[in-house]
Amino acid sequence: MPKAFLIDTSRCTACRGCQLACKEWHELPANKTKQFGWGSHQNPQDLNPNNYKLVRFSERLDGDVVRWNFFPDQCRHCEIAPCKETGDLYHEGAILQDEKTGAILYTDGTKAFSAEQFEEIRESCPYNIPRRNEKTGLLAKCTMCNDRVHKGLLPSCVKACPTGTMNFGEREDMLKLAEKRLAVVRERFPEAMLADPDDVNVIYLLTDKPEHYHSFAVAEAPAGMDRKRFLAKLASPITKMTKNA
Ligand code: SF4
Ligand code: SF4
């Protein structure tokens, strides 16, 4: 049974402690960023090879009420990972799945992917997560702090979160906690939902519609296609290529 995160956005205050803790643990360098001039407190503007985690800010008017939706974005550690399935077509083993924790891991072997192959890998991810370090050629994203988890420690973002937004443990326990919290949160936010809980090991509890967080909050299937079939299709490029041949 893999490990899983529950990210309960109803509790997030956008303090960005998780984002900083992630940078610190992975010893990622600072980025030159610009806070002004684009209408958001989100900083940096997007995930990048030096930010595996990004607290996304979204603000909207709901009638007379302003709603702030905060979304601590990161790799979902998919149960069947489309990025790995695509990567394996070109360099098998450059992207691994840890059988014990379920973490999807980008190894030094990802240097071997060309820029075009990286674009295919990025496009295969329904959550738009993979990034490429243009200097080293390495692909980058959340590692689940797999080194910490194997030593019995929590991922650094979970350890740093002061509000109970970030939770981590056995998948079964996280699913139970997610259902329990969903029942509570729905009393105040009737539209609250869990994002793709059957397919990923990073489960988000959302209080608002996914599109009110950001474009890739959930895996969206094209009109007319069942979402399960869509994810299976993304995760099976060989099947897709054979069928299209
Ligand atoms: S969220 Fe994207 S990058 Fe993460 S495992 Fe799934 S397909 Fe790969
Ligand atoms: S540390 Fe917790 S409360 Fe702060 S931004 Fe991250 S998830 Fe939200």
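The values are calculated or read from the model by the stated rules, or taken from the named source; none is laboratory data. What you are looking at is a predicted structure, and each value in this text was computed from that prediction instead of being measured. Glycine gets a Cβ as well: all are built from the backbone with ideal geometry, and neighbour counts include every protein chain shown. For accessibility, only protein heavy atoms count, side chains too; no ligands or nucleic acids. Shrake-Rupley method; radii C 1.70, N 1.55, O 1.52, S 1.80 Å.
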Residues in segment 205-219 that are under 20 Å from ARG60 (Cα atoms), open to solvent by less than 50 Å² (accessible area, probe 1.4 Å) and not in a helix (DSSP H, G or I) total 8
request  = Could you check, for segment 140-155, whether at least one of its residues is open to solvent by less than 60 Å² (accessible area, probe 1.4 Å), more than 16 Å from ligand 2 (Cβ to nearest atom), among the aliphatic types (A, V, I, L, M) and within 15 Å of the chain's Cα centre (by Cα)?
outcome  = yes
Output for Cβ contacts, cut-off 6 Å, separation at least six or different chains, first residue within 28 Å of LEU153 (Cα to Cα) in segment 15-39, second open to solvent by 50 Å² or more (accessible area, probe 1.4 Å) and part of a helix (DSSP H, G or I), reads none
Of the residues in segment 162-171, those that are closer than 17 Å to ASN69 by Cα and either of a type in the set (A, V, I, L, M, F, W, C) or surrounded by 19 or more Cβ atoms within 10 Å (Cβ to Cβ) (or both) come to THR165, MET166
Matching residues in segment 178-207 (within 16 Å of ligand 2 (Cβ to nearest atom), in contact with a helix residue (DSSP H, G or I) (Cβ under 9 Å, 6 or more places away or on another chain) and touching a residue at least 60 places away in the same chain (Cβ under 8 Å)) number 7
Only one of (1) more than 9 Å from ligand 1 (Cβ to nearest atom); (2) touching a Ser or Thr at 6+ places or on another chain (Cβ under 7 Å); (3) over 23 Å from GLN19 (Cα atoms) does not apply to LYS100, and that is (2)
Checked segment 7-20 for anything more than 16 Å from ligand 1 (Cβ to nearest atom), within 25 Å of LEU194 (Cα to Cα) and among the aliphatic types (A, V, I, L, M); matches are ALA14
message = Condition (residue is out of contact with any Pro (no Cβ under 7 Å at 6 or more places or on another chain), of a type in the set (Lys, Arg), under 28 Å from LYS209 (Cβ atoms) and touching a residue at least 12 places away in the same chain (Cβ under 8 Å)) applied to segment 163-177: is it met by at least one residue?
response = no
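Only residues that are surrounded by fewer than 13 Cβ atoms within 10 Å (Cβ to Cβ) and on the phi > 0 side of the Ramachandran plot: list them for segment 2-34, please.
Hit for segment 2-34 is GLU27, nothing else.
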